[in-house]
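One structure below.
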Amino acid sequence: MNQRASQPVLVAGGGIGGIAAALSLVRQGYRVQVFEQAPEVGEIGAGIQLGPNAFHAFDALGVGEKARSRSVFTDYMVMHDAVDGYQVGKIPTDERFRERFANPYAVIHRADVHFSLLEGAQETGQIEILTSTRIARIDQDERGVTVHAADGRSFQGVALIAADGVKSVVREQLVGDPARVTGHVVYRAVVEKKDFPDELKWNAASIWVGPNCHLVHYPLRGGEQYNVVVTFHSRHKEEWGVTEGSKEEVQSYFQEIVPQARQLIDLPKSWKRWATADREPIGRWTYGRVTLLGDAAHPTTQYMAQGACMALEDAVTLGESLRHCNHDWSRALDLYQHARIARTARIVLSGREMGRIYHAKGVERLVRNDLWRGRSAEGFYDAMQWLYGWNQSNCLEAGLRELSAPRRSVQPLAA
């Protein structure tokens, strides 16, 4: 492969965003070094949902068929009121949906997304992954970036893509903004098919919404497993992080919901507990030859089911920006951030509002239950166009529009 620089591009983080970014860069002719602080490259978590935009990104990264082979393609998305069982809304994700958005809706284990990307990365022969490498700080000049690891090693590259997650070391050095701990706690588990209730074995992304809580379930791995996620507003002051869960704690928050939904919390043998947080959207991701990507750029709550999808979009947009700018890194990273900031901020802010809608109580709950009454499938699809209509061919449009406006072409983005 014709390499564009004697030095590699450096990527902080070996998760979904980092490996996707590395794949995108290789497709533009670069060698890549990925730094992962864990001793092994992998993903924790359980299931995630993938909209058509994610599959457009997989295709652009050359791993579309790998991801499809590990996905479960749903027939519909459905929301029920957890208090009385009322069906709030049902959105078909059948052939009509696929025709509208040129790709399916699916559910998949997070590890299978990561493995699909990792397989693609290994096949290129151009991506070196260094595990047990924790970044301590970065330096840069007009020629490139130096990454200093905690063990004293240093690495030079033409640029640095910081995909080092929700607690990004690079973002802390460049921005230093605080996390916004939500007080919402998420429990996630995977249940074997034989242990899952027959009456809930729907081929659907399903959510039960209740006062200050909700439950989600959907099939994984060909229907041999089921993902179970429950979320509640904690009674305690929370600190951002992941711990082992307690069945007794989960049960204490779900006393007043219908038995059909409540049985879900009795199924898992073990839980992982996430105390969630996001950050306020920022208007600048790029600092010289360093830019942010994925959760490092726009950590969000889970309510839009778009965290991984946005990281995949970021990766594709980064590569397209380099191509469009003829590999002028300064121009490309500026175009990349302009193309992504407003869209990802909309996800963060929409996630907060969707969490409020899901967890409505009193009269607000009644309003929520009336929101989508009588809406047709086409009506739902129209409302989703802004989200699922993204693809490789249109990913730069917002950035090009922003940069063509005189007021933005002469003023840098504010931090």
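A simple count of charges around residue 130, restricted to other residues whose Cβ falls under 14 Å of its Cβ and scoring Lys, Arg +1 and Asp, Glu -1, yields -2. With a simple spin-label model that places each label point 7 Å from the Cα along the Cα-to-Cβ direction, the separation between residue 154 and residue 75 comes to 6.1 nm. For residue 131 and residue 236, a Förster radius of 35 Å and the Cβ-Cβ distance give a FRET efficiency of 0.50, rounded to the nearest 0.05.
Taking 8 Å as the Cα distance limit and 6 or more residues as the minimum spacing, I'd like the relative contact order of segment 150-229 as a percentage.
After rounding, I find 25 percent.
Ranked by the mean number of other Cβ atoms within 10 Å per residue, highest first, peptides 319-329, 382-392, 148-158 order as 319-329, 382-392, 148-158.
Remark: the Cα gyration tensor places segment 19-65 in the oblate category, a/c being 1.5 or greater and a/b not exceeding b/c. Taking all Cα pairs closer than 8 Å and separated by 6 or more residues, the relative contact order of the chain comes to 21 percent. The dipole here belongs to the chain: it is taken about the Cα centre, uses +1 on the Cβ of Lys and Arg and -1 on the Cβ of Asp and Glu, and is about 560 debye. Once both labels are positioned 7 Å from their Cα atoms along Cα-to-Cβ, the gap between residue 269 and residue 123 label points is 3.5 nm.
Legend: distances between Cα atoms for 269/361; 90/201; 247/272; 193/361; 194/247; 90/272; pairs beyond 22 Å are 269/361; 193/361; 90/272. On the basis of the beta-carbon distance and an R0 of 41 Å, residue 356 and residue 246 show a calculated FRET efficiency of 0.95. Dipole orientation for segment 100-143: of the candidates 114, 124, 104, 104 has the Cα lying most toward the positive pole (charges on Cβ; Lys, Arg +1; Asp, Glu -1). The packing ranking, built from the mean of other Cβ atoms within 10 Å per residue, places the peptides 168-179, 188-199, 113-124, 45-56 in the order 45-56, 113-124, 168-179, 188-199, highest first. The slack between residue 143 and residue 203, meaning 0.36 nm per residue of separation minus the straight C-alpha distance, is 16.4 nm. Each other residue within a Cβ distance under 13 Å of residue 173 adds +1 if Lys or Arg and -1 if Asp or Glu, for a net charge of -1. Using R0 = 45 Å, the C-beta based FRET efficiency linking residue 398 and residue 367 works out to 0.90.
Rounded to the nearest 500, the 222 nm mean residue ellipticity of the chain from helices alone is -10500 deg cm²/dmol, with -39,500 (n - 2.57) taken per DSSP H run of at least 4 residues. Packing, as the average of other Cβ atoms within 10 Å across residues, places the peptides 125-132, 297-304 in the order 297-304, 125-132, highest first.
Within segment 1-101, DSSP assigns beta bridges of which about 55% are antiparallel (rounded to the nearest 5).
Quick check: from the Cα gyration tensor, does segment 24-112 come out rounded (a/c under 1.5), prolate or oblate? Judged from the Cα gyration tensor, segment 24-112 comes out oblate (a/c at least 1.5, b/c at or above a/b).
Values quoted throughout were computed directly from the atomic coordinates according to the rules given, and no laboratory measurement underlies them. Everything numeric here is computed off the predicted structure, so don't read it as measured data. Reconstructed Cβ throughout: ideal geometry from the backbone, glycine too, with neighbour counts over all protein chains shown.
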